[in-house]
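Visitor: Below is the structure I would like to discuss, written out as structure tokens.
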Amino acid sequence: MTDATKFLFDLLEVGSDDCNSDSSDVQGGRYSRWSDPRYIASRHKVALMQEANKLNLKTFSDVSLKPINWIINEWIPRGEVTAQVGLPGDGKSTWACAIAACVSRGEALLHPSIEPNKRGHVLIVSNEDGIDTLTARLIAAGADMTRVHFLSTKEGENGESPFAFSNARDLNRLEGFNLLNEDNIGLIIIDPIYLVVDGDCSNNSKARKAYENLTKLAKQLDCGILGIAHTVKNPSGRDPLARIAGASALREVPRGIILSTIIKNGPTQNGGTHVLVHAKNSLGKTDGGFQYCLQAIDLPNPNGDQNAVIRTVKIAITGELFGSAEDILNEADRRKPVETVNKTQLAEEFLLTTLKDGPKLLIDIQELVDTANFSMATVKIAYNNLHITSNKRIGDGRYEWSLPDYPVDKPVPDE
């Protein structure tokens, strides 16, 4: 009898002395069966099946599907961590204030597609920008200031230790804050996200543990968490995820990563200086994005001094972008003002000429685009500018593009 078999018998609470009993000495007794290999094999199988019951298994037929619960539709999911990544000057914290304003009011203040699902409280944890700077940006973004709160990471006035995500006491206080606000914290913004790492944030094992604990906190409080991070110093030409600086855990743990970059030699004809895209979105769409600029704005001085206005900035979206994150980022990396205008104008003329005699299959248009030496990202910008429609053809289900039913403000060029 093998050691493995004896072990399985022990699992069945059969003593080793019983297993080693001589069946010839116990004629007709309980253990005479151990001399039968078939009986031993059957007992072995029973033991294996009993052990199988200890596996943590779940059958897919027992799983109930649930829709994704979004804080901001297609951008920030509830119960998960989302990272927003960019270079200094890309307006990351200004974007965060704009998102906070949307959640605090439950309104799509930035763009119709940047829509919050529910009105909620917002908590900003920051050691990047001071409370005065953030206050001005939130006012400029149109936030409900009674629903946005600032949590300092500095030592308290009474000598209390600074807030730390690694401190169980502070996490309990966060849970209490959520209860005080009727379980309605919609979003927590952490600037930078490295604040949650206890120690060296470039240490991947420490970073992974911290970001996984942050995900648990998002689920516990039933809110979204937006953490702000940085790209590498020279992100141009890199794969979207390869642009993210720091430990690989920052690319792996968050379910969504929002990436911004500057348009080289911008602004473009639409007035945008930056682009914002999905570098990663495990729960929603991964294509498309926005072109935007940081718009300076003067707020009235609360003291009534008209000569001492308060200067701040806000996000101004100048256009919606189509295509993959890689295409949009690469287009921004190599863009030049004159060439960009000319390429977009040429793409518009190309589409007007191609579609002036009626609808055309998208697959045929793509072949013509390759021949004309345009990128699809440029053609999709022209597509958007001209309000071209895309419809699924009856019969074969293939997509075709056509000029809109209403006239566009661009003449169809003569051949």
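Visitor: Starting with the fewest neighbours, write out MET145, MET49 ranked by other beta-carbon atoms found within 10 Å of each beta-carbon.
Guide: MET49, MET145
Visitor: Multiply the residue separation of LEU299 and LEU241 by 0.36 nm, subtract the distance between their alpha-carbon atoms, and state the gained length in nm to one decimal.
Guide: 17.2 nm
Visitor: How would region 103-155 be classified by its alpha-carbon gyration tensor: rounded, prolate or oblate, with rounded meaning a/c under 1.5 and the a/b versus b/c comparison settling the rest?
Guide: It is prolate, given that a/c is not under 1.5 and a/b is the larger ratio.
Visitor: What's the exposure ranking of ILE363, ILE189, going from fewest to most Cβ atoms within 10 Å?
Guide: Listing ILE363, ILE189 from fewest to most nearby Cβ atoms yields ILE363, ILE189.
Visitor: Right, here's the next one. Relative contact order of region 64-207: what whole-number percent is it, with Cα pairs under 8 angstrom and at least 6 residues apart?
Guide: Computed over region 64-207, the figure is 24 percent.
Visitor: When only DSSP loop residues count, what trypsin sites (Lys or Arg not before Pro) in region 139-190 have their Cβ near at most 10 other Cβ atoms within 10 Å?
Guide: Passing sites in region 139-190 are LYS154.
Visitor: Run the simple label-point estimate for ASP357 and ASN204 please: 7 Å along Cα→C-beta, distance reported in nm.
Guide: It is 5.7 nm.
Visitor: To make sure I understand, if each residue's beta carbon is the centre and we count other beta carbons within 10 Å, what order do LEU346, LEU217 fall in, fewest to most?
Guide: Lowest count first: LEU346, LEU217.
Visitor: Moving to a separate point now. Any idea which of ALA347, THR371, ASN385 is furthest toward the positive side of the dipole for region 336-402, if Lys and Arg beta-carbons carry +1 and Asp and Glu beta-carbons -1?
Guide: Comparing the listed Cα positions along the dipole, ASN385 ranks first.
Visitor: Here's another thing I want to ask about it. To make sure I understand the rule: partners must be lysines, Cα under 25 Å from the Cα of LYS206, and not fewer than 8 residues away in the same chain. Which ones qualify?
Guide: LYS92, LYS154, LYS216, LYS219, LYS233, LYS280
Visitor: Identify all lysines with a Cα-Cα distance to LYS343 below 18 Å; exclude those on the same chain that are fewer than 8 residues away in sequence.
Guide: Here the lysines satisfying the reach criterion relative to LYS343 are LYS264, LYS380, LYS410.
Values quoted throughout were computed directly from the atomic coordinates according to the rules given, and no laboratory measurement underlies them. Predicted model, so just to flag it, every value in this text is computed and none were measured. Here the Cβ is made from the backbone with ideal geometry for all residues, glycine too, and neighbour counts use every protein chain on show.
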